[in-house]
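For reference, the structure discussed in these notes is given below.
What follows draws every value from the coordinates through simple rules; no lab data is involved. What you are looking at is a predicted structure, and each value in this text was computed from that prediction instead of being measured. With ideal geometry, Cβ positions are generated from the backbone for all residues, glycine too; neighbour counts draw on all protein chains shown.
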Amino acid sequence: MIESLLVANRGEIARRIIRTAKRLGIRAIAVHSEADAGLPFVTEADEAVCVGPANPAQSYRNVEAILAAAKSTGAQAIHPGYGFLSENADFARTVEASGLIWVGPGADAITAMGDKINARNLMAAAGVPVAPGTTDPAADLDAAVVAAAEIGYPVMVKAAAGGGGMGMGVATDEAALRTEYDKVRAFAERMFGDGSVLIERYFPRVRHVEVQILGLADGRVVALGERECSVQRRNQKLVEESPSPAVSPELRERFLAAAVRAGEAVGYRNAGTVECLLDPATNEFFFLEMNTRLQVEHPVTELVYGVDLVEEQLRVAAGLAPTFDPDALAPRGHAIELRINAEDPKRFLPGPGAIKTWVEPTGEGVRVDSGYVAGNTVTPFYDSLMAKLIVFGADRSEALERAKAAVASFELTGPKCNLPFFAELLENQEFLSGDYDTGIVSRMR
């Protein structure tokens, strides 16, 4: 097993990785910005190195500073968490070229799946269903107009290099397409340095379902069930649950088989997620993208399958067999995750600030992965995620009841907080029925 691990991330995910590392007897090394010096992940690590000022480009995305920290601390491996450099193929290559172990998929797989058009084409060739769309970037507005006419409105205009719900727009007709194309292209160039745009069929009523895969050290790819991720604002997830209330045993079998084919098509190793859109009217699903990293919502899979995915990541990176029998994976119960963000519960706009009160809920089936404690400050420099509240029950009904109780007992004052939204959601009949889609939040607002 790896003996020393540098965690190239911050907040709750850094703290969560450090927790597993220390349980396994691995020396845990944190890197942090000046703004994060007082956060729990820094003090809980065995060693910590400041890698720059608050600006992520000068700290958490500063490859030279992170590699220098790894060298000075004698780190053997680097875990990138999610976000920042986690899906940066050049960083993965540089880590390995420096003689360090990269805890993640190979750089070639990251590259292959990082471009949405290339990923779509690869998946189609592997027999994974893809939505009708362009097989090449729409070179200009005229090409986009022609493609949209062939696909049929409404269409989704997407940044080929985008991710995390960023760089997307919906066009219901040609006039809207002309506006959205220019908007998405400009955003993509600014955010990703790549203005390539693809046009894809848009499904007005759709569910977002993803499959957790793990590429093992022996070359096999296994699937650890699906997660329902349809509660979203601005195409970004707020709630995830496993198993999905929309997926029958027969549909699950098709989902998992497709996800395994997707991983095998790129020789996938380590943890990854195959994201799909599910048309609830037809039970057809289509490949959306592959996230070549650990997902924010991985805890619901951990609870349902009884595994520690960070430990499995470390074992794969070290060339070791998993802790579980890949031929005997069996889910149990139901898990739900709520993302506790520093944002107002109505418009979901960021509201950072100093944390005055922070009392986490406890009890059977309740888990909190948090990045903060009372006295810390949520700064405006990073994502608004403060914690993840995860509940587990014998079935969905019990998980929902535990979620209601946990939300009610979570005491958090100081920054703005979306806990009131979750209290509302957990009384919403559409959500409680399990028959909901990605439009549920807009209907609540």
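Calculate, in nm to one decimal, what Met166 and Glu253 gain on full extension: separation in residues at 0.36 nm each, minus their alpha carbon distance.
The Met166-Glu253 span can extend by a further 28.3 nm.
May I ask for log10 I(q)/I(0) of the range 364-441 at q = 0.17, 0.20, 0.26, 0.27 Å⁻¹, from a Debye sum over the Cα atoms as equal point scatterers with solvent left out?
-0.78, -1.01, -1.33, -1.37
Take the alpha-carbon centre of the range 92-135, take the same for the range 1-74, and report the distance between them in whole Å.
26
Starting from 0 in steps of 5 Å, tell me what percent of the Cα-Cα pairs of the range 4-103 lands in each bin.
Pairs per bin, as whole percents: 3, 15, 29, 29, 18, 6, 0.
Among Cys229, Ala399, Gly434, pick out the residue whose Cα is farthest towards the positive end of the charge dipole of the range 207-444, where Lys and Arg carry +1 and Asp and Glu carry -1 on C-beta, about the Cα centre.
Cys229
If you line up the Cα atoms of the range 185-237 on their principal axes, what length do they span on each, largest first, in Å?
The principal-axis extents, from largest down, are 42, 29, 20 Å.
Any chance you could tell me what percent of the C-alpha pair distances in the range 54-202 go past 25 Å?
40
Let me have the relative contact order for the chain, percent, based on Cα pairs under 8 Å that are six or more residues apart.
Computed value for the chain: 14 percent relative contact order.
Determine the distance separating the Cα centre of the range 226-274 from the Cα centre of the range 365-429; give it in Å without decimals.
Cα centres, the range 226-274 to the range 365-429: 23 Å.
For the range 320-445, calculate the relative contact order in percent as a whole number, restricting contacts to Cα pairs under 8 Å that are 6 or more residues apart.
After rounding, I find 32 percent.
Treat each spin label as a single point 7 Å out from the Cα along the C-beta direction, and report the Ala217 to Glu47 distance in nm.
2.4
Taking the dipole about the Cα centre of the chain, with the C-beta of Lys and Arg at +1 and of Asp and Glu at -1, give me whichever of Ala321, Ala119, Leu349 is farthest to the positive side.
Leu349
Going toward the positive end of the dipole of the range 186-285, with +1 on Lys and Arg Cβ and -1 on Asp and Glu Cβ, which of Asn283, Val247, Met191 do you reach last?
Met191
Could you give the size of the charge dipole of the chain about its Cα centre, using +1 on the Cβ of each K and R and -1 on the Cβ of each D and E, expressed in debye and rounded to the nearest 20?
So the magnitude is around 720 debye.
How much length is gained if the chain between Ala318 and Ala405 is pulled fully straight, taking 0.36 nm per residue apart and subtracting their Cα-Cα distance, in nm to one decimal?
27.3 nm
Sort Tyr60, Tyr153 so the one with the fewest other Cβ atoms within 10 Å of its own Cβ comes first. Write down the numbers at each step before the final one.
Values: Tyr60 27, Tyr153 15.
Arranged by neighbour count, lowest to highest, Tyr60, Tyr153 become Tyr153, Tyr60.
Given the rule -39500 (n - 2.57) for each run of at least 4 DSSP H residues, summed and divided by the residues of the chain, what is its mean residue ellipticity at 222 nm, to the nearest 500 deg cm²/dmol?
Rounded to the nearest 500, it is -10000 deg cm²/dmol.
Less than 23 Å apart at the alpha-carbon level, and either on another chain or at least 8 residues along: which lysines does that give for Lys346?
Once the sequence-local lysines are set aside, what remains near Lys346 is Lys237, Lys356, Lys388, Lys404, Lys416.
Give me the one-decimal Kirkwood hydrodynamic radius in Å for the chain, with the sum taken over alpha-carbon pairs.
22.3
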